[in-house]
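K.L.:
First, the structure itself, so that you have it in front of you.
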Amino acid sequence: MTKAALWALIVAAIIKFFVFDFLIAQGESMEPAIKSGTVLVVSRLRYGLRLPGQQGYMVRWAAPRAGEVVVFYTPLGELAVKRCAALTERGDFMAEGDNSLQSYDSRAYGPVPAGNIIGKVLGY
């Protein structure tokens, strides 16, 4: 591997793990806004800085606002894409899918710690 290719790989990894990520939506919980198979652009820096694989943020500078679509780990450790419905007094948030009949969300598992958020969905 050449030096240029190695540096390109390092820069790409830094961008993916700290700045932006791309995910493919699965399931019907966010329809009609986000259909299954849609490529999502996720800002990993919207709410703070977190190390890959770590629970919570090293530095946090914002909290999700009601209506924002976020990517997070559910209390069961599953990756999910849902809308922030409300913030609670403890800094947790209520996550709800747009398609309430097909969504497994905070109505089933309760509030989610804001530290579980990976990032905000920017585009879909």
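K.L.:
Hey, among Tyr104, Tyr57, which residue is within 21 Å of Phe18 (Cβ to Cβ) and part of a loop (DSSP other than H, G, I, E, B)? Give the derivation first.
P.N.:
Numbers: Tyr104 fails: within 21 Å of Phe18 (Cβ to Cβ).
Unique residue meeting the criteria: Tyr57.
K.L.:
Inspect all residues belonging to the stretch 49-59 and state whether any of them is surrounded by 12 or more Cβ atoms within 10 Å (Cβ to Cβ), touching a residue at least 12 places away in the same chain (Cβ under 8 Å) and farther than 19 Å from Leu122 by Cα.
P.N.:
Checked against the condition, which is being surrounded by 12 or more Cβ atoms within 10 Å (Cβ to Cβ), touching a residue at least 12 places away in the same chain (Cβ under 8 Å) and farther than 19 Å from Leu122 by Cα, the stretch 49-59 yields at least one hit.
K.L.:
Identify, please: which residue in the stretch 1-48 is part of a loop (DSSP other than H, G, I, E, B) and without any contact (Cβ under 8 Å) to a residue 40 or more places away in the chain and is, among those, nearest to the chain's Cα centre (by Cα)?
P.N.:
Going through the stretch 1-48, the residues part of a loop (DSSP other than H, G, I, E, B) turn out to be 1-2, 25-38, 44-47.
Adding the requirement that they be without any contact (Cβ under 8 Å) to a residue 40 or more places away in the chain leaves 1-2, 26, 35-37.
Numbers: Met1: 33, Thr2: 34, Gln26: 13, Lys35: 16, Ser36: 16, Gly37: 16 Å.
So, considering only residues that are part of a loop (DSSP other than H, G, I, E, B) and without any contact (Cβ under 8 Å) to a residue 40 or more places away in the chain, the one nearest to the chain's Cα centre (by Cα) is Gln26.
K.L.:
On the given criteria, is Val69 of a type outside the set (Lys, Arg), modelled with pLDDT of 95 or more and in contact with a Lys or Arg (Cβ under 9 Å, 6 or more places away or on another chain)? Working first, answer last.
P.N.:
Values: of a type outside the set (Lys, Arg): yes; modelled with pLDDT of 95 or more: yes; in contact with a Lys or Arg (Cβ under 9 Å, 6 or more places away or on another chain): yes.
Answer is yes for this residue.
K.L.:
Find all pairs meeting these conditions: Cβ atoms under 7 angstrom apart; at least six residues apart or on different chains; first residue within the stretch 96-114 and of a type in the set (Asp, Glu); second residue part of a helix (DSSP H, G or I).
P.N.:
So the pair list comes out as Glu96/Ser106; Glu96/Arg107.
K.L.:
Counting just the residues of the stretch 66-92 that are part of a loop (DSSP other than H, G, I, E, B) and within 13 Å of the chain's Cα centre (by Cα), which one comes out nearest to Arg44 (Cα to Cα)?
P.N.:
Applying the first criterion (part of a loop (DSSP other than H, G, I, E, B)) to the stretch 66-92 yields 66-68, 74-78, 88-91.
Those still in the list that are within 13 Å of the chain's Cα centre (by Cα) too: 68, 74, 77-78.
Working: Glu68: 14, Thr74: 17, Gly77: 18, Glu78: 17 Å.
Among those that are part of a loop (DSSP other than H, G, I, E, B) and within 13 Å of the chain's Cα centre (by Cα), it is Glu68.
K.L.:
Looking at the stretch 72-93, is at least one residue in contact (Cβ under 8 Å) with a residue 40 or more places away in the chain and farther than 19 Å from Ala108 by Cβ?
P.N.:
No, there is no match, as no residue in the stretch 72-93 is in contact (Cβ under 8 Å) with a residue 40 or more places away in the chain and farther than 19 Å from Ala108 by Cβ.
The values are calculated or read from the model by the stated rules, or taken from the named source; none is laboratory data. Keep in mind that what you see is a predicted model, and the values were worked out from it rather than measured. We place every Cβ from the backbone using ideal geometry, glycine too, and count neighbours over all the protein chains shown.
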